[in-house]
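Following: one structure in structure tokens, then a few remarks.
The values are calculated or read from the model by the stated rules, or taken from the named source; none is laboratory data. Just so it is clear, the model here is predicted, and its values are computed rather than measured. Reconstructed Cβ throughout: ideal geometry from the backbone, glycine too, with neighbour counts over all protein chains shown.
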Amino acid sequence: MGKTHFLILLLLLVLQKTDVTAQQILGHRAELGFGLGTFNYTGDLVRTYNLATSKPAATVFFRSNISNVISLRTAITAGKIGASDSVTPIDAFAVKRDASFNLFLFEAAGTFEYHFLDWRDSKRKLRFTPYLFAGAGLFGISGAEKKTAEYSNIQMTIPFGGGMKYVLNPKYYIAFEFGIRKTFFDYLDNVSDGSSAVKNYQYGNSFDYDNYFFTAITLTYTFYDIPCPGSPYR
């Protein structure tokens, strides 16, 4: 058998295995969901998490359950993000600076979830589980006026956090989630390093990256093979 024929055969075997695996995931372990929540930000304008800077955001996601406790989620999240020195001034300097920003942020990310309890066991009456998640993604911003530097509007982010899931019935469950997005970017607020000799007050701490947060309530639908399993909660 020549190398070309061998590679074709190997490719067909891989595709067949991938197709079977995908069918198994879609038949047994696939989930689709959406959520509504808020974006928040920390940086040069807001140093700690502040509910006063909350802005609306939403997410849609697909989840495949690798095991009873491990899941892989891919998600798209988008919404408004912003803050203002005039609304939440951190000191007299911030009042004088009077900086603000209001952006649209779009995020695409993949995360692994770890569930602490075996909540999918139909022999138990357990209806909830706490969970943690972590992964990697990209985010993009629009509406930024580049006052202090040139930069790319697409940046890397590391999402991580946790939440609580609650089973409504075998097909639906809800969750509350709080997630941190660690970035390596200092221009979400368009304020970073600058010369203090120039009294325009448009400078901040270039060694402290901006971060953002997503807090949400989500609803998830689970796909099963037919026949569907009976509810263990009846």
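Tabulated data for the structure shown
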item: Residue ID - nearest to GLU107 (Cα to Cα), chosen from residues in the stretch 157-174 that are modelled with pLDDT of 95 or more and surrounded by fewer than 20 Cβ atoms within 10 Å (Cβ to Cβ); result: ILE158
item: Counted residues, the stretch 143-189 - those being under 21 Å from GLY79 (Cβ atoms), in contact with a strand residue (DSSP E or B) (Cβ under 6 Å, 6 or more places away or on another chain), part of a loop (DSSP other than H, G, I, E, B) and not hydrophobic (A, V, I, L, M, F, W, C); result: 3
item: Selected residue [over 30 Å from ILE174 (Cβ atoms) and not acidic (Asp, Glu)] from ALA109, ALA75, ALA92; result: ALA92
item: Some residue of the stretch 15-24 being out of contact with any Gly (no Cβ under 7 Å at 6 or more places or on another chain), modelled with pLDDT of 85 or more and surrounded by 12 or more Cβ atoms within 10 Å (Cβ to Cβ); result: no
item: Enumeration of residues in the stretch 43-59 that are closer than 14 Å to VAL191 by Cβ and among the hydrophobic types (A, V, I, L, M, F, W, C); result: LEU45, VAL46
item: Where a residue in the stretch 124-143 is within 30 Å of GLN155 (Cβ to Cβ) and modelled with pLDDT under 95 and its partner, wherever it lies, is aromatic (Phe, Trp, Tyr) and surrounded by 15 or more Cβ atoms within 10 Å (Cβ to Cβ), with Cβ under 6 Å and at least six apart; result: SER142/PHE104; GLY143/PHE104
item: Selection within the stretch 70-88 - surrounded by fewer than 21 Cβ atoms within 10 Å (Cβ to Cβ), over 14 Å from GLY33 (Cα atoms), of a type in the set (Val, Ile, Thr) and modelled with pLDDT of 90 or more; result: ILE70
item: Per-region count, the stretch 59-84, residues part of a strand (DSSP E or B) and closer than 17 Å to THR111 by Cβ; result: 16
